[in-house]
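Following: one structure in C-alpha cells, then a few remarks.
A short reminder: the numbers here are calculations on the coordinates, not readings from a lab. Note that the structure is a prediction, hence the values are computed from the model and not measured. Please note: Cβ atoms are built from the backbone with ideal geometry, for glycine as well, and neighbour counts cover all protein chains shown.
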Amino acid sequence: IRESAALTRDVLEQHFNDLKGTLKKLLDERLMSLLQEVDAIEQESIKPLDECQKLIEHGVSTADDLLREGESAIHGDVGQQNEKLCSFTKKALHIQLDSLPEVPSLVDVPCLSAQLDDCLLTILKNQIFRHGTVASRPPVQLEEFIEKPGGILVRWCKVDDDFIPQDYRLQYRKSTASHFEDVYVGSETEFIVLHIDPNVDYQFRVCARGDGRQEWSPWSVPQIGRTTLVPHEWTTGLEGYSLSSRRNIALRNDSQSCGVLYSKAPTYFCGQTLTIETVGQPDRRDSLGVCVEQQNGYDSLQRDKAVCISTNGAVFVNGKEMTNQLPAVTSGSTVTFDMEVVQLGPSSNEGGNFKLRVTISSNNREVVFDWVLDQCCVSLYFGCSFSYPGWKVLVF
C-alpha cells in the first residue's frame with residue numbers, strides 16, 4: 001500500500017506540474033497574440049491621422065510665415081514697401097489658406113478595448129475539480145501465468161462487476177528494463193507472449209478501456225512471470241528449408257531436395273500444447289507431427305514412432321492411417337497437438353508398455369487416440385515435410 005501510494009503521489013505531482021507549465025505557456029502565448037493584435041490595429045489606425053496632422057501643421061506654418069511677411073511689408077521702408085507687397089500678394093494668391101484636409105469624425109476613429117469573459121475561470125474551475133481520479137482497485141487483474149516453450153500464456157480477469165470492458169491492454173518488461181512495452185491490445189482475456197528468455201523474470205501488467213470510453217483504466221498490480229522451457233526451434237542445415245532468425249519459422253524453398261525437417265531438440269513435453277500455423281499447397285505425403293526420435297532417410301513422418309496429420313486431413317499413427325480424418329490443412333490453418341501419459345508399466349495387450357493419449361485439433365475439429373510405444377518417452381521431437389515449395393510453418 002505504501003509503495004503504490006508513494007508512486008501515485010509522484011504521478012499526480014508530476015502530472016499537475018506539467019499541467020501548470022503547459023497552462024502558463026498557453027496563457028503567455030495567448031497574451032502575446034492579443035498584444036500583437038493591439039499593436040497592429042494601433043499602427044494601422046494612427047497612420048492616416050498622423051498624415052492629416054502633418055498637413056494641418058504644414059498649412060498653419062505656411063500661413064504664419066505669410067502673415068509675418070505681410071506685416072513686414074506694411075511696416076517696412078516706403079521704397080521697399082511696394083516690392084514686398086507685390087511679393088506678398090503673389091504668395092497669397094498661390095497659397096490656399098481656406099482649405100484643410102478632411103478630419104475623420106470622432107466616432108469613426110478606432111477606440112481599442114479588451115473583452116475578457118470571466119466565465120473562462122468558472123469553466124476551468126469546474127474542469128480542474130473534475131480532472132483526475134484516485135482508484136484503490138483497478139477493474140482488471142492478472143490471474144494466471146502458464147509456462148510455454150520460449151513464452152508465457154498470460155490470463156487476466158475483470159474484478160469490478162460494474163465495469164464493462166471494451167478492450168484490454170497487456171504490457172511487459174524484462175526485470176532489468178526500465179520501461180513497459182505493449183504486447184497485446186484486444187478483447188481477449190489471455191495472450192501468449194513469445195520470445196521470452198528462459199529462466200528470466202518478466203513483469204506484467206494489464207488495464208482495460210470501458211465501453212465507449214477513450215481513456216484506459218488504472219494498471220493492475222504488476223506481477224512476475226517466467227518460463228523454464230526453452231523455445232521451440234527448427235534444426236538448421238536442411239537444404240529444402242529456410243529458417244527465420246529465431247528459427248521458429250520454416251519456409252519450404254524451391255530446392256528439389258525433400259525430407260523431414262525436425263526440431264532442434266525434443267522440446268515438446270507431455271501436458272503441453274504444440275501449435276503449428278501453416279500456409280501452403282497441400283499434398284497427401286505432407287506431414288505435420290511429433291516423433292520419438294529423428295530418423296533420416298524418410299521423406300515424411302508417416303512412419304513408425306511418429307504421429308502426424310497430412311495436409312489433406314489424414315491422421316497417421318506409427319505409419320498407419322486412421323479411419324477418423326480431420327479437415328484439410330488450408331492456408332492459415334492452425335494445428336495443435338496435446339498429449340498426456342495414460343499408462344506406464346508392464347506390457348499391454350497392444351504390445352507396448354507406454355501409452356500416450358493424443359489429441360490433434362485442426363479447423364475446429366479434433367481426433368483423440370492412444371499412441372502405444374515400446375519405450376518411456378515424455379519429451380518428443382516435432383517435424384514437418386512438404387512436397388510443394390511455399391509452405392510457411394510457425395511453431396510455438
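A few notes on this one:
- Candidates GLN53, GLN302, GLN375: whichever shows maximal mean-square fluctuation once the chain is modelled as a Gaussian network with Cα springs under 10 Å: GLN53
- Near the amide H of ALA265, within less than 5 Å, lie the amide hydrogens of GLU233, all on another chain or at least 5 residues away, with H placed in the peptide plane.
- Among the GluC sites (Glu not before Pro) in the stretch 86-191, those placed in a DSSP loop whose Cβ has at most 12 other Cβ atoms within 10 Å are GLU102, GLU188.
- In this simple spin-label approximation, ARG285 and VAL378 carry label points 7 Å from Cα along the Cα→Cβ vector, and these lie 3.8 nm apart.
- Using all pairs of distinct alpha-carbon atoms, the Kirkwood hydrodynamic radius of the stretch 140-227 works out to 13.2 angstrom.
- Label-point separation in nm, ASN296 to ASP182, each point 7 Å along Cα→Cβ: 4.8
- Efficiency of FRET from Cβ geometry, PHE163 and VAL11, R₀ 22 Å, rounded to 0.05: 0.55
- Label reach from PHE369 (point 7 Å along Cα→C-beta): in the stretch 287-316, amide nitrogens under 18 Å belong to 287-293, 300-316.
- Compared with the dominant principal axis of the Cα atoms in the chain, helix 2-75 is inclined by about 20°.
- Shown in residue order for the stretch 298-310 are the 3J(HN,Hα) couplings computed by the Karplus curve 6.51 cos²θ - 1.76 cosθ + 1.60 at θ = phi - 60°: 9, 9, 7, 7, 7, 8, 5, 6, 8, 10, 7, 10, 7 Hz (x for Gly and Pro).
- Subtracting the Cα-Cα distance of LEU49 and CYS111 from their residue separation scaled by 0.36 nm leaves 21.0 nm.
- Of the GluC sites (Glu not before Pro) found in the stretch 240-345, those that fall in a DSSP loop while having at most 13 other beta-carbon atoms within 10 Å are GLU293.
- Extending 7 Å from the Cα toward the beta-carbon at both THR236 and ASN312 defines two label points whose distance is 3.7 nm.
- Cα-based helix-to-principal-axis angle, 119-130 vs the chain, degrees rounded to 10: 20
- Where a label projected 7 Å from the Cα of LEU394 along Cα→Cβ would reach, residues of the stretch 197-235 with amide N under 20 Å: 197-198, 230-235
- For the stretch 99-178, the alpha carbon convex hull comes to 320 Å³ per residue, rounded to a whole number.
- Gain on full stretching of the segment that runs from THR359 to GLU190 - 0.36 nm per residue minus C-alpha separation: 58.7 nm
- Phi-based couplings in Hz for the stretch 379-393 (Karplus 6.51, -1.76, 1.60; Gly and Pro marked x): 10, 10, 7, 10, x, 8, 8, 9, 7, 9, x, x, 5, 10, 10
- In Hz, Karplus ³J(HN,Hα) per residue of the stretch 266-279 (6.51, -1.76, 1.60; θ = phi - 60°; x = Gly, Pro): x, 8, 8, 10, 4, x, 9, 10, 9, 10, 10, 9, 10, 8
- When semi-axes √(5λ) of the Cα gyration tensor in Å is calculated for this entry, the matching label among (1) 94, 29, 17; (2) 36, 34, 19; (3) 63, 27, 19 is (1).
- Cα shape, the stretch 244-389, gyration tensor, a/c 1.5 rule: prolate
- Distance between the stretch 174-203 and the stretch 26-95 - C-alpha centres, whole angstrom: 83
- Pairs exceeding 28 Å between alpha-carbon atoms, taken from LYS264/LYS355; LYS148/LYS174; LYS47/LYS90; LYS148/LYS355; LYS125/LYS158; LYS320/LYS392: LYS47/LYS90; LYS125/LYS158.
- Rounded tilt (10° steps) of 78-94 against the dominant C-alpha axis of the chain: 30
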